[in-house]
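Take a look at the structure below.
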Amino acid sequence: MQKTITRLTILLLVPILLIGCAEPKTLERMGLITTIGYDITENGEILTTMVLLQIDPEAPQNFAVLTTKANTTKGARIKADLKSPKKLQSGQLRVALFSEEVVKKGLVTLADTLARDPAISDLTYLAVVEGNVNKMLNMESKKFSDISQLIYKELDQNIKGENIPSATLQEVMHDYYSDGIDPSMPILKTSNGEIQITGMALIKRDRMVGKIGIEDSFYLKLINDRYTAGSIEMSINNEGIQYLQKPEETDKLVVVLDTIRSSSHINLINKEKLEFDLEIKLNTRLMEINQAVDLKNPANLKQIDKELSKKMEDDLGKLISKTKELGTDPFGFGEIYRKSVRDSNMTAEKWHEMYPESKVNVKVDLEIVRTGVVE
C-alpha cells in the first residue's frame, strides 16, 4: 500500500516539475509584441509595424522590429507570423500607434480589432503619430536601447503626471460608442532624433479633424477630469501688480502653477436654447514667477488670482469655440444633455449638428494657496 502511494506521488510530481522546467523555453519561443503601429501605403494597404520583446540573452539587442503589408490587420498578423522565427503573442502589447493619415481615414476598424482580442489589455495606450509610424519605430539612437519602452514610458509618465489626458484602448472605444462625447488621443512627433508629445488629436466619431497644443491639452483635461498634482506655465497681464524692483519692459508676467487641484461641473441651464454653465475650481501653488513681485502683499496674490482666472476663461472659451468649428465634442457636453433631457433620442449624428449652435458660459474660480520659488 505504501509503495502504491509513493508511486502515485511520483507520478503526480513529475508532470509538475516538467512543466516548471519547460516554461522558460516556451517564453523563448514566443515573439511578445509590445508596440504596434499602422500606416497606409500608396496603394491603400495597411503597413503594420510590430516591435517584439527579445527574451533570448544571446540576441544583439532586446527588441526586434517586424513590418508587413496587408489589406487587414489580421492579414498583416498572418504575414508577420510567416516572417518570424517565434510565435507572435499580443498579451504584452502596451502601445498602439496610428499615423495621422490612418486616423483621418478612420480609426475604429483598427482599434475595434484590438479591443476584440482577449489577450490585449484595455489599458493599452493609443496615440497618433505626426508622419510615418514605421520610420519612428525603426529609429536608431544611442539615447535609448528599446524604442518600445521609450514610447510607453513617455506616454505613461506624462499621463500619470497629469500633463496630458489619458487615452487607453478602453477610454477611446468608450468615447467612440458614446453618443455625447468624442475621443481624443496624444500626438507624438520625431524631432532631432527624439520623440516628444506635441498635443492632442481631436477626433469626430473615429476620424481626426484637428489638433491642439500642450497648453490646450491642459484645458481639455481640466474640463474632463480632476487634477490632483498637475502643473503648467502661463503668461498673464501684470496690470495692478506691485514689484519689489522695476520690471523689464514687458506687459506679461510668466508664472508656473504647481500641485494643481481642480474640479469641474457642467450644467445644462437651457435645453431649448442649448446653453451650459461650465464651472471650474482650482487650488494651486505659485511655484515660480519670472519677475520680482511682492508676494507678501495679499493684494498682489489676489490680482494674480484674478488675472489667471481671466486668462483661463478666455483660453477655455477659445478652445470650446475651436471644437465647435471642427464639429467634435471631446468634453462630453452631449452626455450632460442626454442625461438631463428625457426622451432626447440622442445620437452622435444629432449631437454633432446641435453642438456648434450651443452656448457655454465659462467661470473659473482660482485660488493660490501658497507660494514657492521666485526667480
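The values are calculated or read from the model by the stated rules, or taken from the named source; none is laboratory data. As the structure is a prediction and not an experimental result, all values here were calculated from the model. Because the Cβ atoms are built from the backbone with ideal geometry, glycine has one as well, and the counts that use them run over all protein chains shown. Protein only, heavy atoms only, side chains kept; ligands, DNA and RNA dropped before computing areas. Shrake-Rupley method; radii C 1.70, N 1.55, O 1.52, S 1.80 Å.
Split the accessible area of the chain by element, probe 1.4 Å, and carbon with sulfur accounts for 49%. When the chain is treated as a Gaussian network with alpha carbon springs shorter than 10 Å, the biggest mean-square fluctuation among Ala292, Ala70, Ala229 belongs to Ala292.
Along the axis of the charge dipole computed for region 77-192 (Cβ charges of +1 for Lys and Arg, -1 for Asp and Glu, origin at the Cα centre), the listed residues Asn138, Pro183, Ala119 are led at the positive end by Asn138.
Each residue was assigned an accessible area with a 1.4 Å probe, and for Val369 the value is about 80 Å².
Checking [x] -0.34, -0.96, -1.25; [y] -0.33, -0.87, -1.17; [z] -0.22, -0.76, -1.23 against log10 I(q)/I(0) by the Debye sum over Cα atoms at q = 0.06, 0.11, 0.14 Å⁻¹ calculated from these atoms, the matching label is [y]. With contributions of -39500 (n - 2.57) from each DSSP H run of at least four residues, the per-residue ellipticity at 222 nm computed over the chain stands at -11000 deg cm²/dmol. Each of Thr347, Asn192, Asn237 was placed along the dipole of the chain (beta-carbon charges, centred on the mean Cα), and the one lying farthest toward the positive end is Thr347. Rounded to the nearest 10 degrees, the angle from helix 73-83 to the longest Cα principal axis of the chain is 50 degrees. Helix 147-160 and the long axis of the chain differ in direction by around 40°, with both axes built from C-alpha atoms. By the gyration tensor of its Cα atoms, with a ≥ b ≥ c the square roots of the eigenvalues, what is the shape of region 122-243: rounded for a/c under 1.5, prolate for a/b over b/c, or oblate? Verdict is oblate for region 122-243. I'd like the distance separating the alpha-carbon centroids of region 273-313 and region 314-375, in whole Å. Computed from Cα coordinates, the inter-centre distance equals 20 Å.
Cα centroids of region 49-122 and region 165-210: how far apart, whole angstrom? So the separation of the two Cα centres works out to 19 Å. Remark: the chain carries 53 Å² of accessible area per residue (probe radius 1.4 Å; ligands, DNA and RNA excluded).
If you sort Asp156, Asp314 by accessible surface, 1.4 Å probe, largest first, the order is Asp314, Asp156. Each Cα pair under 8 Å and six or more residues apart adds its separation to the average, and for the chain the resulting relative contact order is 13 percent.
For region 195-283, a crude dipole built from +1 on the beta carbon of Lys and Arg and -1 on the beta carbon of Asp and Glu, taken about the Cα centre, is about 480 debye to the nearest 20.
Database remark: amide H of Val209 closer than 5 angstrom to the amide H of Leu202, Ile203, Lys204 (H placed geometrically; neighbours at sequence offset of 5 or more, or on other chains; Pro and chain starts carry no H).
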